[in-house]
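Taken together, the values in this text are just the output of simple stated rules run on the coordinates, not laboratory data. Note that the structure is a prediction, hence the values are computed from the model and not measured. Ideal geometry is used to build each Cβ from the backbone, glycine not excepted, and the neighbour counts take in all protein chains shown.
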Amino acid sequence: MKQMTTCSLEHKKYLLNRKKETAIVQIARFGLLLALLGIWELIAALQWVDPFILSSPSRIGKMIASLASDGSLFYHIGTTLWETLLGFAIAVVLGTAIALALWWSERARRILEPYIVVLNSLPKIALGPVIIIWFGTGSAAIVFMTVLVGIIVATMNMLGGFLATDPNKILLLESMGASKRQILTKLVIPSALPDFIGMLKICVGMAWIGSIMGEYIVSKAGLGYLIVYGGQVFRLDLVMAATAILCVLAAGMYALVALAERLLVKK
């Protein structure tokens, strides 16, 4: 009984230290961000670099407030957000499905793997004119670009996760008479859950890259459109404001994936 109490106290001490460490990391992150913003504001205020070129946090804040006051801010955010989320979802679902098919058929994997590698190395922006011809100048072209950027990454990451399943466990199930479908559902997919979360984290960034890349090529609204427009008319405060909003949205999307990881993956 005494030993159990001692272990419990040691465990509580361990958890307390973990909480302290987490708090220190969070405070350090926030402090570093404030310090960087303060240095940036100071450089602009002292005219060490022309604020027209570098902008400043205060100028960006004023620009965001101006966009919010006329209602255009939320319209552009909403446009980019739904394009990104839709492209992200399609890329993840299709990429995972293709990876499952390639795991199921070794022959198909051996045939298609070189093509997948080549497609992954292809500069997607080079297909911009073709995408415009195929899908026009609307949101469909942007969503397709988002899918195109993310689907190969999703496929390769999930295929690697499926193939990394312990072969001894597979052999054990086969010796017990398990079918390939049972091995897939009972062993391969559950064991690849950490790889699935890792793939989601990567695809978050790829989705934002794809949607903004698509808006660079063809868009009438969205944060990418604001960046392009701001650069064309030399309104760098607008460019920096749209970029800052993109960072916040991407961080929020990544935080949701990290939350899913804590809930689903047992460490």
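Along the charge dipole of the stretch 1-149, pointing to its positive end and built from +1/-1 on Cβ of Lys, Arg, Asp and Glu, which listed residue (His76, Phe30, Gly136) has its Cα farthest out?
Result: Phe30, furthest along the dipole toward the positive end.
Only Cα pairs within less than 10 Å get springs; with that Gaussian network setup on the chain, which residue of Ala140, Ala91, Ala164 has the largest fluctuation?
Ala164
Taking the chain as a Gaussian network, Cα atoms linked when under 10 Å apart, which of Leu67, Leu187, Leu33 shows the biggest mean-square fluctuation?
Leu33
Please arrange Thr185, Thr155 by counting, for each residue, the other beta carbons lying within 10 Å of its beta carbon, fewest first.
Thr185, Thr155
Taking the Cα centre of the chain as the origin, how large is its charge dipole in debye, to the nearest 20, when only Lys and Arg (+1) and Asp and Glu (-1) carry charge on their Cβ atoms?
1040
Specify whether the C-alpha gyration tensor of the stretch 1-54 places it in the rounded, prolate or oblate class, a ≥ b ≥ c being the square roots of the eigenvalues: rounded for a/c under 1.5, otherwise prolate if a/b is larger than b/c and oblate if not.
Because a/c hits 1.5 or more and a/b exceeds b/c, the stretch 1-54 counts as prolate.
Taking Rh as the Kirkwood radius, which is the inverse of the mean 1/r over Cα pairs, what is the Rg/Rh value for the stretch 56-264?
1.08
By the scheme Lys and Arg +1, Asp and Glu -1, what is the net charge of all other residues having a beta-carbon under 13 Å from that of Ile142?
0
Considering the chain as a Gaussian network with a 10 Å cut-off on Cα pairs, which listed residue, Leu119, Leu173, Leu226, attains the greatest mean-square fluctuation?
Top of the fluctuation ranking is Leu173.
Specify whether the C-alpha gyration tensor of the stretch 136-184 places it in the rounded, prolate or oblate class, a ≥ b ≥ c being the square roots of the eigenvalues: rounded for a/c under 1.5, otherwise prolate if a/b is larger than b/c and oblate if not.
prolate
Show me the chymotrypsin sites (Phe, Trp or Tyr not before Pro) within the stretch 5-104 that DSSP assigns to loop and that have at most 10 other Cβ atoms within 10 Å of their Cβ.
Passing both the DSSP loop test and the Cβ count: Trp48.
For the stretch 64-199, what does the relative contact order come out to in percent, with C-alpha contacts under 8 Å and a separation of six or more?
32
Output the relative contact order of the chain, whole-number percent, from Cα pairs under 8 angstrom with separation of 6+ residues.
24
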